[in-house]
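Visitor: This is the structure I want to talk about, given as structure tokens.
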Amino acid sequence: MRARYLAVCLLLIAAMCAVTLYCWPSLSARVPVHWNVEGVADGYGPRAVLWLLGPGMMALVALIGWLLPRVAPRRYDISGFEPTYYYACCVIVGLLAYVYGLVLVSVLHGGVAMRSAVPAGVCILLILIGNPLGKVRRNAAMGIRTLWTLASEAVWYATHRLAARLMVASGLLGLCALWLGAPHWLLLTVMLAWVPLVTGYSLLLYKRLPH
């Protein structure tokens with residue numbers, strides 16, 4: 001699975017490098033590299049920065065995903081859910097490729113609604129990663145790693161089963177909120193509401209355990 005993970009990541013990075021080279025002659029010397037919450041470009045830099053924002057960031061995340069299992073304590077390795085772990089890492093690298101593609105299109109042609117396109121990608125990320133989250137065992141690289149989930153295997157599994165459902169629900173509700181034109185504060189609330197819920201749930205479950 002590790003070899004397939006590296007192959008997919010390298011393929012995505014190579015594709016973004018090829019697209020960047022193809023677009024390079026059409027790029028101006030300074031390009032937008034940051035957009036505010038309204039989707040308006042408010043930061044500019046030399047076009048060479050695009051290599052760091054796209055292929056560079058993707059390579060860094062792919063490398064971290066490959067390294068974490070190798071340096072994790074033996075008690076918290078990823079054996080038993082290795083396919084799920086590498087699947088989630090691939091989804092994250094894919095999201096970075098998607099965002100970088102939006103940046104390139106916006107730089108070259110404009111007209112990209114960054115205020116909705118980027119959150120839509122995050123919502124899809126929540127759905128794709130949340131769906132298999134219940135399969136994740138205790139580890140040091142992935143999951144809801146609170147003090148209480150790490151202290152109890154029962155709390156870990158129950159928390160992740162709930163988190164899987166809530167993350168998918170948050171992603172779906174976020175997409176609906178985008179479609180309805182919800183304000184940013186409401187969209188952010190919908191996308192992140194699962195975090196305090198699962199954290200509090202893990203604490204509640206731990207307190208109910210016999211000690």
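Visitor: For a footprinting-style exposure proxy, rank 126, 209 by other Cβ within 10 Å, fewest first.
Guide: The order, fewest Cβ neighbours first, is 209, 126.
Visitor: Ranking request for peptides 114-121, 46-53: highest mean number of other beta-carbon atoms within 10 Å first, then the rest in descending order.
Guide: Highest mean packing first, the order is 114-121, 46-53.
Visitor: What's the long-distance tail for the chain, i.e. % of Cα pairs beyond 20 Å? Intermediate values should be presented prior to the final figure.
Guide: On the way: 14195 of 22155 pairs.
Above the 20 Å cut-off, the chain has 64 percent of its Cα pairs.
Visitor: Based on other C-beta atoms within 10 Å, arrange 42, 77 from fewest to most.
Guide: Fewest to most other Cβ atoms nearby, the residues stand as 42, 77.
Visitor: Additional query: If you line up the long axis of helix 82-109 against the longest principal axis of the chain, both from Cα atoms, how many degrees apart are they, to the nearest 10?
Guide: Roughly 20 degrees between the two axes.
Visitor: Now for a separate question. Please work out the C-alpha center-to-center distance from region 88-112 to region 115-190 and express it in whole Å.
Guide: The distance from the Cα centre of region 88-112 to that of region 115-190 comes to 21 Å.
Visitor: Here's another thing I want to ask about it. Quick one: dipole size for the chain, taken about the Cα centre, charges +1 on Lys/Arg Cβ and -1 on Asp/Glu Cβ, in debye to the nearest 20.
Guide: Result for the chain is approximately 680 debye, rounded to the nearest 20.
Visitor: Stokes-Einstein D for region 88-211 at 4 °C, 1.567 mPa s, Kirkwood Rh over Cα pairs, in µm²/s?
Guide: On the way: Rh = 15.8 Å.
Diffusion coefficient, whole number: 82 µm²/s.
Every read-out reported here was derived from the displayed coordinates using simple, explicitly stated rules and does not represent laboratory data. Computed from a predicted model, the values in this text were never measured in an experiment. Cβ: placed from backbone, ideal geometry, glycine included. Neighbour counts: every protein chain shown.
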